[in-house]
1. Which of the helices (runs of 4 or more DSSP H) contained wholly in segment 193-272 include at least 2 residues that are in contact (Cβ under 8 Å) with a residue 60 or more places away in the chain and farther than 20 Å from residue 285 by Cα?
2. When the residues of segment 146-162 are narrowed to those that are farther than 20 Å from residue 268 by Cα and in contact with a strand residue (DSSP E or B) (Cβ under 6 Å, 6 or more places away or on another chain), which ends up surrounded by the fewest Cβ atoms within 10 Å (Cβ to Cβ)?
3. For segment 331-348, indicate whether the set of residues that are at positive phi and assigned to a loop (DSSP other than H, G, I, E, B) is non-empty.
4. I'd like to check something: does segment 130-145 contain any residue that is assigned to a strand (DSSP E or B) and crowded, with 21+ Cβ neighbours inside 10 Å?
5. Take the residues in segment 307-322 that are touching a residue at least 24 places away in the same chain (Cβ under 8 Å) and assigned to a strand (DSSP E or B), then tell me which one is nearest to the chain's Cα centre (by Cα).
6. Taking the stated definitions as given, is residue 362 surrounded by 17 or more Cβ atoms within 10 Å (Cβ to Cβ), under 25 Å from residue 70 (Cβ atoms) and modelled with pLDDT of 95 or more?
């Protein structure tokens, strides 16, 4: 089977979306030009599970230009753009994805990607990697390595390694400075508020926004909320991050206290049930709940359902839960990552994903070049790859780096320090 998409007739619109993204992704364009000449991925089968939208398609085209055979699906049942899936299928890629998959269909599509017998995996959330370690262990011997895109996935993989369960090498693309400092912080912040405002048409200025988690994603969201005029409260379990949030000028509180004052709650922890039933009992009428983490586990959906006496979809991607006392709480995009799962959500800006997917392309090339030489553990992205992506991005912006003089280079290598 070469593809399973919603409607192949959507391909022309999908191609227009991809071509628009390509015009704003110069890092991948540069890598793609080199890949076209060198064909570093010739003969390699690559299995992909990423949010299947226009920017992802630019990465897929880059891999194909490098000589790879690509099979792709989405890493979330609600984050496929059907037009893009159709366009890639029309170009000969193996595509198995559509928006609104059931849980069974989602895993069936992951398995269809694995049926292509990939040698290298690109994953977001680690479901594809996890599946190979549980239900598809027959593939372990042929997989040379994988690249993981997101914090949640890297956390899962490090846990697998600590338990001695990881069976092939993985590059933690998420942990690369060129990814987490920009994608996680600026990309998620901008796309989260773009989605929240387009779904609800709500104003942010003057609202009490509660950000749960102050990692790179939470930092970006809190900063953007403040810039939009919100009164921001941060909920954090780590002492250093909580102190950082306080010194960044945010109110820091426990969830039980923040629940009483929040108008909008945004989760960004990668952990389970950070907003629970006991918190929801104290929330204001009309409070909005949304999630910026990978999995739909951060808001206690079971608890929310148990508290409600009535629930209905009042707008696209907005579900109203009416509590016994008449208060109403609003859940966005089924509690899935709001910046991609909403029908009108577009995900991270093109300029941000240009860097993240540049890292993915070069990471795949690295695994191909080092086939059989890497141990079964989680690796940081090599600094030279991180630096290359940053320099390509700077070049595209017309920014030049200061060059150190010979005297300065010598001084930095000395231990004397005086004059």
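1. Numbers: elements: 216-227, 239-247, 255-258.
Those helices (runs of 4 or more DSSP H) span 216-227.
2. Within segment 146-162, the subset farther than 20 Å from residue 268 by Cα is 146-147, 160-162.
With the extra rule that they be in contact with a strand residue (DSSP E or B) (Cβ under 6 Å, 6 or more places away or on another chain), the set shrinks to 146-147, 161.
On the way: 146: 28, 147: 28, 161: 16.
Selected residue: 161.
3. So the first thing to find is which residues in segment 331-348 are at positive phi, and the list is 333-335, 347.
Filter once more, so that each one left must be assigned to a loop (DSSP other than H, G, I, E, B): 347.
Yes; the residues of segment 331-348 include at least one that is at positive phi and assigned to a loop (DSSP other than H, G, I, E, B).
4. As a first pass, look at segment 130-145 and keep what is assigned to a strand (DSSP E or B): 145.
Now restrict to residues that are crowded, with 21+ Cβ neighbours inside 10 Å: 145.
Within segment 130-145, one or more residues are assigned to a strand (DSSP E or B) and crowded, with 21+ Cβ neighbours inside 10 Å.
5. We begin by selecting, within segment 307-322, every residue touching a residue at least 24 places away in the same chain (Cβ under 8 Å); these are 307, 315-318.
Subsequent filtering for residues that are assigned to a strand (DSSP E or B) retains 315, 318.
On the way: 315: 25, 318: 22 Å.
Taking the candidates together, the pick is 318.
6. yes
The values are calculated or read from the model by the stated rules, or taken from the named source; none is laboratory data. A quick note: this is a predicted structure, and the numbers were derived from the prediction, not measured. Cβ coordinates were reconstructed from backbone atoms using ideal geometry, including for glycine residues, and neighbour counts include every protein chain displayed.
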